[in-house]
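Scroll down for the structure; my scribbles are underneath it.
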Amino acid sequence: MHKALFLDRDGTINIDYGYVYQSEKFHFIDGIFDLCQTAQQLGYLIIVITNQSGISRGYFTERDFQKINTHMTNEFRKNNIHITDVFYCPDLTGPNRKPNTGMFLSAQKKYHINMSRSVCIGDKEQDILAGTNAGCGKNLLFRNNFQQIKEAL
């Protein structure tokens, strides 16, 4: 079974300006590539888990989301990082929307993940609650310092 690094997107991977869906407004947070390179070297699958209610709210389309997703994964690839998958919830409620565990459990099933050996990182309490309820062994609240998180891997 694999272990995974589950990453929230807005506020953890990129600066959260609110409903980010354009590449010119997608700015990576300093240290995210270094953190992911370390995690990858330690054998973690890197999986993005993100609420994207802007789709349901009509702020952007699913196609817009897929385009920004491609931009994001290409930038990771340029930094020699493989994003295993991106799970997202476009809904305002439901079992997949964090703090619920649906996206985590889908990833667990799809990639045969050992949740107790996995790590969840997010910038909001709902991210941490979702990771905890999904059984992640470590759930770390990101507050502008990837060094402490890197040391916890």
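Any read-out appearing in this document is the output of simple, stated calculations on the displayed coordinates, not a laboratory observation. Note that the structure is a prediction, hence the values are computed from the model and not measured. Here the Cβ positions follow ideal geometry from the backbone for every residue, glycine too, while neighbour counts run over all protein chains shown.
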Result for the chain, cysteines with no Cys Cβ partner under 4.7 Å, is CYS36, CYS89
Applying the Karplus parametrisation 6.51 cos²θ - 1.76 cosθ + 1.60 with θ = phi - 60° to the phi angles of region 89-102, what ³J(HN,Hα) value in whole Hz is obtained for each residue in order, glycine and proline being reported as x?
-> 10, x, 7, 7, 9, x, x, 8, 6, 4, x, 6, 9, x
Potential extension, LYS138-GLN22 segment - 0.36 nm per residue separation minus Cα distance = 38.6 nm
Over the chain, what is the mean sequence separation of C-alpha contacts under 8 Å (at least six apart), divided by residue count, expressed as relative contact order in percent?
-> 28
Amide N proximity, region 11-50 versus THR61 label position 7 Å along Cα-to-Cβ, cut-off under 17 Å = 21-23
If amide H atoms are modeled at 1.01 Å from N in the peptide plane, then the residues at a separation of 5 or more from LYS3, or on another chain, having amide H under 5 Å from its own are LEU45, ASN114
Quick calc, region 3-152, dipole around Cα centre from Cβ unit charges on Lys, Arg (+) and Asp, Glu (-), nearest 20 debye, gives 380
Mind listing P(r) for the chain? All alpha-carbon pairs, 5 Å bins, whole percents.
-> 2, 10, 20, 25, 22, 15, 5, 1
Residue by residue, what Karplus-based ³J(HN,Hα) values in Hz, rounded to whole numbers, does region 112-119 have, using 6.51, -1.76 and 1.60 with θ = phi - 60° and x for Gly and Pro?
-> 6, 9, 7, 5, 5, 9, 9, 10
